[in-house]
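The block underneath contains the structure these notes are about, expressed in structure tokens.
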Amino acid sequence: MTGLGTRLMTWISGRYVGTDEFGNRYYRGRGRRGYTRERRWVMYKGAVEASRVPPEWHGWLHYVSDNAPLEARSRFAWQQPHQPNLTGTADAYRPAGSLLKGGTRAKASADYEPWTPR
């Protein structure tokens, strides 16, 4: 949930830039006295989670690009759809041998071998 101060600042000085596929809304503000560049921020839809910002919008938020991403931008064939951080969910990555996945992992050449005296 976004705070009341952020909503008020957005309403007073924010200019809407665009929305991503998750419904997050992006804004820019006028440069304040003493600052050379404009302020940029995101109003999250739902829970505030930074990993929900797609890469193209992340670049814009961090001043990598001056132009906001286009709504109808097509992705390259090799690009996969953006996913937020899935840690702690049922969809989290669990490699073979993980206690949460069950099973045992395959033996590796770098496995530990205890030292035994002769």
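The values are calculated or read from the model by the stated rules, or taken from the named source; none is laboratory data. Every value quoted in this text rests on a predicted model; they were computed, and no experiment measured them. Using ideal geometry, Cβ is built from the backbone for each residue, glycine included, and neighbour counts are taken over all protein chains shown.
Would you confirm whether or not region 38-48 contains a residue that is under 12 Å from PHE22 (Cβ atoms) and touching a Lys or Arg at 6+ places or on another chain (Cβ under 6 Å)?
yes
Mind counting the residues in region 76-104 that are surrounded by 10 or more Cβ atoms within 10 Å (Cβ to Cβ) and under 17 Å from THR19 (Cβ atoms)?
So the answer is 2.
Quick grid of which residues meet (1) over 22 Å from THR87 (Cα atoms); (2) at pLDDT 90 or above:
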position	(1), (2)
MET1	no, no
LEU4	yes, no
ARG7	yes, no
TRP11	yes, no
TYR16	yes, yes
GLU21	no, no
GLU38	yes, no
GLY46	no, no
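How many residues does region 23-36 hold that are farther than 26 Å from PRO84 by Cβ and modelled with pLDDT of 80 or more?
Here is the first cut: in region 23-36, the residues farther than 26 Å from PRO84 by Cβ are 30-36.
Narrowing the set further to residues that are modelled with pLDDT of 80 or more leaves none.
Going through region 23-36 one residue at a time, the tally reaches 0.
Run down ALA92, ALA50, ALA68 and say which single residue is out of contact with any Pro (no Cβ under 7 Å at 6 or more places or on another chain), closer than 27 Å to GLY14 by Cα and free of Cβ contacts under 8 Å to residues at least 12 places away in the same chain.
Only one candidate qualifies: ALA50.
May I ask you to verify whether GLU56 is of a type in the set (D, E, K, R), assigned to a helix (DSSP H, G or I) and either more than 23 Å from GLY3 (Cα to Cα) or within 13 Å of the chain's Cα centre (by Cα) (or both)?
So GLU56 passes the test.
Quick check: anything in region 13-35 hydrophobic (A, V, I, L, M, F, W, C), outside any loop (DSSP other than H, G, I, E, B) and touching a strand residue (DSSP E or B) at 6+ places or on another chain (Cβ under 9 Å)?
Yes, the conditions are met somewhere in region 13-35.
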